[in-house]
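Engineer: Please find one structure pasted underneath; my questions will follow.
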Amino acid sequence: MDTGNSGQRELSVDDLFQGTTFLPDTESSRFDVLLERVSRNRYTTFTVLYAELFRLFPDSPHLAVFFEQAVNLILLEPQEQHPIINDPVFQIWQGLTFRHTNLVLTEKSEETGELEKLLIGFPDMLARVKAKDTSRLIHDCPPVYRFDVDPLIAMAVPPSYKFPEDEATRKQLERDGHPVRFFSDIVSIALLRIEHTWPACHERFKKLVKAICYLPDGSFRSCSASRYTGVILLSSRDNSILDLEESLVHEATHQLLYYIVEMCPVIEEVASREASFTLPWSGQKRDLYGYFHAFYVYIALVKYLERVRSRSSEELQRAQNRLAFIMRGLIRALPDLQASGDFTPQGRQLLENLAKEVRALESKHAGLMTKTAPATVPERALDATA
């Protein structure tokens, strides 16, 4: 299968990482290749999963509908198939099914009940994915959910957030926050401002973020994790539209790094998971993977904030203060990351590409950092489970 560049040599993984950060100010072709390779890998995973399941359940009439619909999906044309396979709900189902299948294949479990339940539920899951409520799409805003989120997303999100199970609690929480439609309109306004400020960033957002969960009672400002890639969680803790813009850019950049890591790990598997690094922005503890995630995201935020123009003088000052605060943290974080020996070769290349960006940004904004006071905006807490 080629990537649409017929007649051209396909880039190796090492070549793909050369000279790029994959951020919106880099050439879009590398980003497009990244999306294509992740999509291809997900398709391959599904076909391999199908083959293993067929071997596990060779004569199972109660699973006949699964096998029939799975084959139909495998044979679909790419333009119809890719939106389904890359949907967050489908990916959560595939991840769960893969893990249960692997437990059986490696003889770590003889129980197949949960696995068979997932296969029996495949047609309903597929129908939900195909019937996404496109009427909610306003100004390219992805669907915004409250407690009507897909059950597989609700299952995957904890411990980031635990959806209440009883109706009384849900109704009480809905009364405490803004109506979903109102919040969706506010998100649409923020996305329009992102489009005006950095069009390429807005384009990336549309391709990376497939659903938003509005959770005003969440313990976070915003949140995401690789186990539910494509979905971002937002509370109501942003104090301004500019803060919401930052949250949206922040979480979209996490999604971008999830895609990069899904294509090729950036941290060695043997790396310590101990939270031994202190984030210079919040003072929170993170392991190397979490530290690198924060570093990557904050470079994107500096690149966004430096493009904020044509705003009120108060908002421009807030953007400058925030930019200077983030830059000071990036400068402190860079030697910590460069000293680590736990990056993969591709991760090291990406880090060095990012280091060049930080040095350029430091030089560009040196005057701003000396004349602005440290930002007083409370720093968000990254999801430690991301």
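The values are calculated or read from the model by the stated rules, or taken from the named source; none is laboratory data. Only a predicted model underlies this, so the values are computations on that prediction, with no experimental measurement involved. As a convention, Cβ positions derive from the backbone with ideal geometry for all residues, glycine included, and neighbour counts pool all protein chains shown. Surface accessibility is based on the protein's heavy atoms, side chains included, excluding ligands, DNA and RNA. Shrake-Rupley method; radii C 1.70, N 1.55, O 1.52, S 1.80 Å.
Engineer: Carbon and sulfur: what percent of the stretch 42-158's accessible surface (1.4 Å probe)?
Structural biologist: Solvent-exposed carbon and sulfur of the stretch 42-158 make up 56 percent of the total.
Engineer: Checking the a/c ratio against 1.5 first, then a/b against b/c, what shape does the Cα gyration tensor give for the chain? Spell out each step's value before the answer.
Structural biologist: Details: a/c = 1.77, a/b = 1.39, b/c = 1.27.
It comes out prolate by the Cα gyration axes.
Engineer: Restrict the search to the stretch 76-130; then list the trypsin sites (Lys or Arg not before Pro) that DSSP places in a loop and that have at most 15 other Cβ atoms within 10 Å of their Cβ.
Structural biologist: Within the stretch 76-130, the qualifying trypsin sites (Lys or Arg not before Pro) (loop, at most 15 other Cβ atoms within 10 Å) are K108.
Engineer: Additional query: Go through the stretch 166-181 residue by residue and turn each phi into a ³J(HN,Hα) via Karplus (6.51, -1.76, 1.60, θ = phi - 60°); whole Hz please, and just put x for glycine and proline.
Structural biologist: Once θ is set to phi - 60°, the couplings for the stretch 166-181 become 8, 5, 4, 5, 4, 5, 5, 5, 5, 6, 6, x, 6, x, 4, 4 Hz.
Engineer: First check a/c for the stretch 38-171, with a ≥ b ≥ c the square roots of the eigenvalues of its C-alpha gyration tensor; if it is under 1.5, answer rounded, and if not, answer prolate when a/b is larger than b/c or oblate otherwise.
Structural biologist: Oblate.
Engineer: Tell me, what % of the accessible area of the stretch 238-313 is carbon and sulfur with a 1.4 angstrom probe? The partial results should precede the final answer.
Structural biologist: On the way: 1180 of 2560 Å².
Whole-percent figure for carbon plus sulfur exposure: 46.
Engineer: Now, a different point. With the other protein chains left in place, how much accessible area per residue, in square angstrom, belongs to the chain at a 1.4 angstrom probe?
Structural biologist: Solvent-accessible surface per residue comes out at 46 Å².
Engineer: How would the stretch 140-286 be classified by its alpha-carbon gyration tensor: rounded, prolate or oblate, with rounded meaning a/c under 1.5 and the a/b versus b/c comparison settling the rest?
Structural biologist: On the way: a/c = 1.63, a/b = 1.22, b/c = 1.34.
Oblate is the answer for the stretch 140-286, as a/c is 1.5 or above yet b/c matches or exceeds a/b.
Engineer: Can I ask one more? Can you work out ³J(HN,Hα) from phi for every residue in the stretch 102-114, in order, using Karplus 6.51 cos²θ - 1.76 cosθ + 1.60 and θ = phi - 60°, giving whole Hz and x for Gly and Pro?
Structural biologist: The phi angles translate into 5, 4, 6, 5, 8, 6, 7, 8, 9, 7, 10, x, 5 Hz.
Engineer: Something else about it: Mind checking the angle between helix 313-338 and the chain's longest principal axis? C-alpha axes, 0 to 90 degrees, to the nearest 10.
Structural biologist: 70 degrees
Engineer: Please give the helix 288-305 orientation as an angle from the longest Cα principal axis of the chain, in degrees from 0 to 90, rounded to the nearest 10.
Structural biologist: The two axes meet at around 60 degrees.
Engineer: Subtract the Cα-Cα distance of S272 and V13 from 0.36 nm times their separation in residues, and report this length gain in nm to one decimal.
Structural biologist: The span from S272 to V13 would gain 90.8 nm if fully extended.
Engineer: Using only Cα atoms, find the angle between the long axis of helix 199-208 and the longest principal axis of the chain, and express it within 0 to 90 degrees, rounded to the nearest 10.
Structural biologist: In the chain, helix 199-208 runs at an angle near 30 degrees to the longest axis.
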